[in-house]
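Worksheet: one structure, shown below.
Read-outs throughout are calculated quantities, based only on the coordinates presented, and are distinct from any laboratory measurement. Computed from a prediction, not measured in an experiment: that's the story for all the values here. Counting neighbours? That spans all protein chains shown, and the Cβs are built from the backbone with ideal geometry, glycine included.
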Amino acid sequence: MSRSIIKLKLDLNNHKSALKKYEPVTSTPRTTVHKSLDKTIAAKIIPKLPITAIHSRESSALLTSSRKKLESSRILRESTSINTSKIAIAKRPSISKEQETIKKTTETQKFPLNPTTVIRLFKSQLTLWEQGEILEYPEVYFYGLKQNKIKATHGNNNGFDDERNDYKVHIGDQVAYRYEIIQQLGKGSFGQVFKVFDHKEKEMIALKIIRNKSRFHQQGAVEVRVLQMLKENDKDNNHHVIHIKDNFCFREHLCITFELLSVNLYEFIKSNSFNGLSLSLIKRFTFQLLQALNLAKSLRIIHCDLKPENILLKQSNKSCIKVIDFGSSCFEEKKIFSYIQSRFYRAPEIILGINYSQAIDMWSLGCIIVELYTGIPLFPGENELDQLLCIMEIRGLPPVNVLKQATRTKLFFDDEGRPKITPNSRGKKRYPGTKSLGDVLSGTDKTYQDFVCKCLDWNATTRLTPEQALQHPWMQEFVDSSNTPKNNIEVRYVNPATNRVTQSTRHSKASSFVF
């Protein structure tokens with residue numbers, strides 16, 4: 001073999017070995033998701049960039065006109081991406097030996113563990129407070145990582161509460177050594193609600209953590225009793241009320257766990273740009289709400305805060321709903337507060353200072369089913385006086401026998417019994433009886449209008465009850481036609497976070513959801 005041939009082979013081998021240095025390096029991500037977690041928690045939506053985000057018009061024209069420059073830029077981009085990959089991999093922090101040990105130990109352990117075993121194996125991941133606290137829990141299902149925990153201090157409730165007496169929550173932290181905090185679902189005057197993973201039952205649920213103040217503890221205790229009674233009397237789970245799972249005290253906070261539901265009706269109509277829903281779907285929702293109120297009435301329970309935000313779909317693409325948030329509820333014979341309900345859905349007897357009953361929930365129902373149709377609140381009062389003026393504008397002046405029972409008439413009427421007409425923030429004045437429900441609900445059938453009218457009776461004693469409402473022609477027609485109503489028909493919901501739409505069934509109302 002000639003020297004030139006030998007030299008050529010050597011050069012070729014050297015060239016191949018040199019190319020290997022530039023082969024793309026792949027690696028398996030270190031971060032793993034706990035195998036018991038729902039796969040949807042681990043999933044990340046990575047948007048695909050359009051071509052215009054990668055190449056500008058000028059560069060596209062330049063690349064098209066010059067093949068030589070295209071080849072050069074391609075080689076340059078490839079070499080750059082290879083180098084970047086190497087740099088990115090080099091910058092990734094390595095797992096410490098301690099973290100590696102904890103990870104392997106956790107994966108090999110079968111939970112629950114007793115607290116002494118957890119302290120022995122995972123002491124480095126427990127705060128000093130937890131090392132004592134954990135001994136009160138005979139079974140430990142989840143302990144959390146130290147970087148996600150609240151450290152006890154000399155502050156409010158040993159540093160666990162903020163200035164409002166709400167519990168300080170860190171995502172990934174543990175509650176009662178069983179629940180893992182995933183995300184916050186809501187916050188209100190009562191406290192906070194979180195989506196959590198129950199490491200004992202291996203399921204996602206909702207956790208309500210009530211504020212650490214005596215009056216909230218007292219009302220929370222009432223809520224638990226109400227929820228337990230509702231669950232005990234809804235064994236078939238067909239009365240459309242939220243079901244409590246458990247209740248306990250953790251770090252001076254009353255905690256309540258519930259089944260996890262989907263979007264509320266306010267968000268539902270908001271996703272349709274407040275265009276309203278079809279009457280057929282509203283009728284399905286109304287039937288279910290009446291079942292919930294009928295159960296509550298049989299137990300002498302008043303919800304006290306019925307509104308679209310407190311009515312949730314069980315699934316985002318199904319029409320089955322449940323009533324939630326019994327945090328303001330009471331038993332009819334043990335009323336706690338005299339001023340209740342969210343303003344838009346507040347019954348006139350609450351505003352006027354008249355003794356109230358379960359009839360206030362039927363008033364709220366009437367307001368809700370109109371809002372579901374129009375997409376906007378029926379009585380959007382800016383304050384207490386404006387709220388009453390909104391009601392009088394459509395329902396006329398309250399009857400004399402109603403006003404005789406009122407204790408707060410001087411706030412809204414002058415000495416001669418005339419309403420104090422005051423312009424709102426937009427300068428608009430509302431006058432009694434200048435609008436009608438027929439105007440608001442134009443184009444709808446008369447039985448629906450009559451149903452709403454009887455829900456919005458000034459006189460609570462003659463207002464529709466849940467039982468009467470189920471026998472009303474508008475509702476009876478629906479019940480008779482279905483016997484067992486199909487409350488799980490598909491509906492269309494646009495998630496504003498992802499802009500994704502769930503397929504739905506038909507509807508008859510124009511410019512609205514397709515049901």
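Quick notes on this one:
- Long pairs among 235/314; 314/334; 404/435, criterion Cα-Cα beyond 28 Å: 314/334
- Taking other C-beta atoms within 10 Å as the exposure proxy, 166, 325 rank 166, 325 from fewest upward.
- Calculated P(r) of segment 173-314 - Cα pairs past 23 Å, %: 41 percent
- Projected onto planes of every orientation and averaged, the convex hull of the alpha-carbon atoms in segment 263-482 covers 12.4 nm².
- In segment 238-302, the convex hull through the Cα atoms has an average projected area of 6.6 nm², a quarter of its surface area.
- Ranked for footprinting exposure by Cβ neighbours inside 10 Å, fewest first, 349, 333, 267 give 333, 267, 349.
- Long-range Cα-Cα pairs in segment 105-253 (distance over 26 Å), rounded percent: 30 percent
- Taking 413, 451 and counting other C-beta atoms within 10 Å, the order from fewest to most: 413, 451
- Pairwise centroid distance, computed over Cα atoms, of segment 405-425 with segment 323-358, Å: 21 Å
- Ratio of Rg to Rh for segment 282-413: 0.97 [Cα atoms; Kirkwood radius as inverse mean 1/r over pairs].
- Calculated diffusion of segment 399-461, Stokes-Einstein form, Kirkwood radius summed over Cα pairs, 37 °C and 0.692 mPa s, µm²/s: 229 µm²/s
- When you filter the GluC sites (Glu not before Pro) in segment 395-478 for DSSP loop state and at most 10 other Cβ atoms inside 10 Å of their Cβ, you are left with 416.
- Of 187/446; 420/446; 208/283; 420/454; 270/428; 195/270, those spanning more than 28 Å from alpha-carbon to alpha-carbon: 187/446; 420/446; 208/283
- For segment 169-237: Kirkwood Rh in Å [reciprocal of mean 1/r, alpha carbons]: 13.4 Å
- For segment 389-460, applying the loop criterion from DSSP together with a ceiling of 13 other beta carbons within 10 Å to the trypsin sites (Lys or Arg not before Pro) yields 420, 426, 428, 429.
- Per DSSP, loop chymotrypsin sites (Phe, Trp or Tyr not before Pro) in segment 322-403 with at most 15 further Cβ within 10 Å: 337, 339
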